[in-house]
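Only one structure is covered here, and it is reproduced in the block below.
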Amino acid sequence: MSVRTLPLVFINLGGEMLYILDQRLRALNTPEDQSETGVWSERDRKRVLNDVVGTMFGKSFMDELLKPQQLYSHRTMKTVLTRLAHSSIMRLNPASMDRLYELMIMAFKYQVLLSPRPRDLLLVSYNHLDAARAFVRDTPAVLNQVDETHRKIIEVYSRLSDGDFQLLRQTLLTFLQDVHTRVSVFLKNQIQNPSGRFVLMTSGPVPAGVDVPGLIRTFDPRGREVGRSEFPPGGTYSGSVGEGSFELSGDRVLRLGQNLYQAERPEETQTSRTPGAQLDRTNPLAKEELNLLARLMGCMKAGSVPAAAPRFRISLFPSDPEEEEEGGAPAEQAAIFQVINIQAVQDEEAASALARIAGQFTDEEAELENPSGSKGDDLLAMMDDL
Amino acid sequence: MFHKEKSIQLKNSASALYNNLSVLRIAPRRLTYFTVVHANVVNMVSTSWDGLNYSHRQLQSKEPNVATSTSLIMQAAFCALPSRDLLVVSSQKGIQMYESDGSIMVYWHALDTPEAPTAHAVFARGISAVSDNYVCVGVSSGAVLVFDVPSKGSNITLSEVLEEHKEAITDIASECSGSQECLANLVTADDGGNMCVWKSGEEFQLLNKIPGLDMTCSSVKLWKGTVLAGYGTGQIRLYEAVTGILHAEVNAHARWIYSLDIAPFSGLLLSAAEDSFVRVWHLSITPETNSVEIAHLHNECVTDTQICGAKFCDGDGYAFAVTGYDLSEIIRYVQS
């Protein structure tokens, strides 16, 4: 469907990742938390956020995303977002990454579904961009990257019509379909039902450019109004509150895309699954997806962190029952969890290996379809090891 | 006026696509078929009128000659022609036509997809039977493909390509098949809200162009020479097809309209939108005196759901069915 989804997907999912990382790392800054990995200081937290923002808004990465292309599977998204999270000194175990991805996806789904007009998805993205700017305001180089990206986004998306934006939204909704993970902060704020579905109000202001429902007007052949009547619309609507700014800065008016976790306590970012679609379907990735994955991984900078620097393992959601199963008592989590330990150098090798292997698929498309085929499975297994 | 009946469960949920529900009534066999699109799958349910038997079938939009890729479906719609009924499925890759029970594919038309991805998406969307032997399908380029359908067999051919629209086609509608004579029997609508009115034939004739106001027309119907159009602004407009005269304008919904349907024997109109509401209206149109009236009759709210499809189940509008994004059921309503 739409070939313009990827940049907005990454800005919004990545933006949610920043909010969650910020909140969880602040939570690990509390005096009680004297685990072996040490307390996460303000400086450490800022460094992680700077590294992640820097990688997310890297020029070659963004340029790759901005090329017109299809939206791929959750598996690809998750792989790239994992790599994004690991572009800093922080290391997340697989359970943390799974929870993080679920939270990001549900937040994004909420934002897409509730955008009053399809075009308002841009305002949601701009809210995330504004927040990213705030996180890196002390680092001019990274701040500049965010501004550059914002300018490119404005340039590309200001040309799209409302119909194009609705197609983009429909593409995203198909991607996000059937995911009903319950998130405690959403349940608490009553934007999500216990069933996992979001609450859609039938009251409140109508979107900009839309009239309040309830009026029927009839006209004569010359265009003069000859009749007017009203009907009960069923909901309680009020006039639009006006349109937000689509510029580099300004009042976005729309609150979707702002930080929901700021005032929340750490336990609020718990998730619980409802039966339904798994986010990791085990279909073999199509050749085009592998190509994209290879290109994106290759474009992500190895980062300014030297290979020999220590990596800090953290568990983002220590009170999550699944994580406790894996690791036993929270205080010993660092030693016991399966840790993903990737050096920057190895990442580059993996990326170029991916690209090489993806290139070999030109002649072997049929093998991808075969569930017991070898090359596709090897590649997927390699990604599972990342 | 209407009350809710037992829902029909689907194998998977409905995708957020315009006009995402199609209904075919098969009177001789006392069956009704429903189709709902989920990503790259068409869910078909066949229900007996006594409500006792349901059978399900799923069609995947897999192109016959391409090994790996499947593609996302934009729309699935029944086309009822005097001699036969077809199920037409339009996707990113092309157009497939099946026998109405989905058992056999009788025709496949591939869209011209460029080698490298272009700045614009490529897909087919907007499906309608026209007159006795045509099926029209819209394309994202704005073209409308006209297929000539023989009374049986698979010798379907592309007879004409209508190139008037500059933006992606959203929906197509027709009236007057069989014995009726109509001046205009086809209307096509696009992403910019522009509409073209045609008369079918060996060469389709453009009768009128109704300019849009830069707001997508997502669903369109044609009845008694009147175009009924639903827009992204939540408005419904009634135009006289051949002249383009605006008869009425309704501030009908608070969000994007996804589906309109008409019950031709009674003049009931159904509108459904992202705002969770389905509304029933009554139209009285007298072409001779040029008078058009639209009156509101009924509302149904499907809680916490963005509706993507709504269709009457019969020509009188005695019952209607509704689908919603992420919902795995077809909700039915019947007149009290």
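Listing for the model above:
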{"item": "Computed log₁₀ I(q)/I(0) - Debye formula, equal Cα scatterers, no solvent, chain B, q 0.06 Å⁻¹", "result": "-0.18"}
{"item": "Distance histogram for region B:1-147 (every C-alpha pair counted, 10 angstrom bins, percent rounded to whole numbers)", "result": "11, 40, 33, 13, 3, 0"}
{"item": "Protein accessible surface hidden between B and A, which excludes ligands and nucleic acids, total in Å², probe 1.4 Å", "result": "4300 Å²"}
{"item": "Apportionment of accessible area to carbon and sulfur, region B:119-237, percent (1.4 Å)", "result": "46 percent"}
{"item": "Cα→Cβ-extended label distance, 7 Å offset, between A:Val226 and B:Leu183, nm", "result": "1.7 nm"}
{"item": "Distant alpha-carbon pairs in region B:130-203 (separation over 19 angstrom), percent", "result": "34 percent"}
{"item": "Long-range HN-HN contacts of B:Ser159 with modeled amide H, under 5 Å", "result": "B:Val146, B:Phe147, B:Asp148"}
{"item": "Entries of A:Lys188/B:Lys6; B:Lys6/B:Lys224; B:Lys199/B:Lys221; A:Lys188/B:Lys11; A:Lys67/B:Lys93 with Cα pairs more than 23 Å apart", "result": "A:Lys188/B:Lys6; B:Lys6/B:Lys224; A:Lys188/B:Lys11"}
{"item": "Farthest toward positive dipole pole in region B:167-301 [+1 Lys/Arg, -1 Asp/Glu at C-beta], among B:Leu228, B:Cys176, B:Val280", "result": "B:Val280"}
{"item": "Over region B:167-301: Rg over Rh, Cα atoms, Kirkwood Rh", "result": "0.95"}
{"item": "Occluded residues from region B:239-253, i.e. those whose accessible area drops by 10 Å² or more once the chain is not alone (1.4 Å probe)", "result": "B:Ile245, B:Leu246, B:His247, B:Ala248, B:Glu249, B:Val250, B:Asn251, B:His253"}
{"item": "Spacing of the two label points (7 Å from each Cα toward its C-beta) at A:Gln190 and B:Tyr318, in nm", "result": "4.3 nm"}
{"item": "Average accessible area per residue (Å²) across chain B - probe 1.4 Å, nucleic acids and ligands excluded", "result": "36 Å²"}
{"item": "Cysteines (scope chain B) whose Cβ has no counterpart Cys Cβ under 4.7 Å", "result": "B:Cys79, B:Cys136, B:Cys196, B:Cys217, B:Cys301, B:Cys308, B:Cys313"}
{"item": "5 angstrom amide H check on B:Ser100, placed H, neighbours 5+ away", "result": "B:Asp85, B:Leu87"}
{"item": "Rounded accessible area per residue of region A:86-183, 1.4 Å, Å²", "result": "25 Å²"}
{"item": "Amide H contacts of B:Cys176 (H built 1.01 Å from N, under 5 Å, at least 5 apart or other chain)", "result": "none"}
{"item": "Rg/Rh for region B:236-336, where both radii come from Cα atoms and Rh is the Kirkwood radius", "result": "0.99"}
{"item": "Quotient of C-alpha Rg and 2.2 N^0.38 Å, computed over region A:5-180", "result": "1.05"}
{"item": "Förster-model FRET efficiency, 41 Å R0, B:Asp214 and B:Asp50, C-beta, rounded to 0.05", "result": "0.25"}
{"item": "Gain upon complete extension [B:Val242, B:His282; 0.36 nm per residue less C-alpha separation]", "result": "12.2 nm"}
{"item": "With every protein chain in place, region A:164-246: carbon and sulfur % of accessible area (1.4 Å)", "result": "50 percent"}
{"item": "Percent RCO, i.e. relative contact order, over region A:5-180, from Cα pairs under 8 Å lying at least 6 residues apart", "result": "33 percent"}
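The values are calculated or read from the model by the stated rules, or taken from the named source; none is laboratory data. This is a predicted model, so every value here is computed, not measured. Note that each Cβ is placed from the backbone with ideal geometry, even for glycine, and that neighbours are counted across all protein chains shown. Just the protein is used for accessible areas: all its heavy atoms, side chains included, with ligands, DNA and RNA removed. Shrake-Rupley method; radii C 1.70, N 1.55, O 1.52, S 1.80 Å.
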